[in-house]
1. Measure nothing but the geometry: give the 0 to 90° angle between the long axis through the Cα atoms of 167-198 and the longest principal axis through the Cα atoms of the chain, rounded to 10°.
2. Non-local amide H neighbours of ALA22 (under 5 Å, H modeled in plane, Pro and chain starts lacking H): which ones?
3. Based solely on its DSSP helices, what 222 nm [θ] is calculated for the chain when runs of n ≥ 4 H residues each add -39,500 (n - 2.57) and the sum is averaged over all residues, nearest 500 deg cm²/dmol?
4. Peptides 109-119, 13-23: what's the order by average Cβ count within 10 Å, highest mean first?
5. Can you give me the Cα centroid spacing of region 132-158 and region 72-108 in angstrom?
6. Between ARG174 and ASN63, what is the label-to-label distance in nm when each label sits 7 Å out along the Cα-to-Cβ direction?
7. Note the per residue figure in Å³ for the convex hull of the C-alpha positions in region 139-199.
8. Taking +1 at the Cβ of each Lys and Arg and -1 at the Cβ of each Asp and Glu, which of LEU194, LEU170, ILE117 sits farthest along the dipole of region 109-198 towards its positive end, judged by Cα position relative to the Cα centre?
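Any read-out appearing in this document is the output of simple, stated calculations on the displayed coordinates, not a laboratory observation. As the structure is a prediction and not an experimental result, all values here were calculated from the model. Here the Cβ positions follow ideal geometry from the backbone for every residue, glycine too, while neighbour counts run over all protein chains shown.
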Amino acid sequence: MLQPLLKGIRLAPFVECPHCHALSQHGTPECKLCNTKLDSKDLNLIVAVNLGARYTPFIECPNCQRLVKVGTTRCPDCYEEIAETYALTSAATVVFNTVACDVANDLRSFDTFAMLIVPVGIGVYFIDRYSFGSPTLIYLALFWPVIPLLSTILWFYRFGNFALGDDEYLRAKRRMRRTLTLWLAITAALIIALAVWWI
Ligand SMILES: [Zn+2]
Ligand SMILES: [Zn+2]
C-alpha cells in the first residue's frame with residue numbers, strides 16, 4: 001500500500017469489462033481483449049488508480065452528500081440528478097481520499113518503531129561507552145528515523161495539499177503531522193545526544 005506514495009497517484013476513469021474484467025479507458029467502445037461492448041452507462045465504471053490497486057469508488061450526491069454507487073444517474077435519496085462529468089470528478093475525489101488515508105494508516109505503523117528507539121538507543125549507548133569508549137554504533141541509530149521521516153514528508157508532498165479532503169482525510173493529515181513531529185523530535189534528540197557526548 002506504500003506504492004502510491006512512491007509513484008504518486010494517477011486518477012483516470014476506466015471501465016471494467018463485465019466479461020473478462022480487463023480495464024479499458026473510459027469512452028472505449030469495446031474491450032480490447034474479448035471485444036465485449038462497453039457501455040460507460042453500465043454500473044461497471046470505476047476509477048482505477050495506478051499500481052495494481054483497484055478502487056471501486058462511490059460518488060457523493062451533490063445535493064445530500066450521500067455516497068451512491070458509480071453509475072447511478074439519480075440519487076436514490078433526494079432524486080438529485082447526477083451528471084456523468086460530475087460523477088467522474090466526485091469518484092476521483094473519493095478515491096483520492098481513500099488512498100491518502102490508507103497510506104497514512106500504513107505509515108502509522110512506523111510509530112511503533114519510534115517507541116523502540118528509546119531502549120535501543122540506551123542499549124547502544126552503553127555498548128559504545130563500555131566497548132568502544134566513543135560513539136560508534138550510535139551513528140547507525142541516526143539511520144533509524146530516515147525512512148519514516150522521508151515517507152512522512154513524501155506523504156505531505158503527495159497528499160498534503162488536497163483541497164477536497166473529507167473528514168477522514170483531515171484526521172489522517174493531523175495524524176501525519178503528529179508522526180512528522182515525533183520523528184523530527186527523535187532525530188533532534190539523537191543529534192543532541194551525540195553532540196553532548198562529543199563536547
Ligand atoms: Zn473483456
Ligand atoms: Zn442525494
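1. The angle comes out at about 20 degrees.
2. Excluding prolines and chain starts, which carry no amide H, the hits are CYS17.
3. Values: 6 runs with 98 residues, N = 199.
About -16500 deg cm²/dmol.
4. On the way: 109-119: 12.5, 13-23: 17.3.
Put in order of decreasing packing, that is 13-23, 109-119.
5. 36
6. 3.3
7. Values: hull volume 4.2 nm³, N = 61.
Value for region 139-199: 68 Å³ per residue.
8. LEU170
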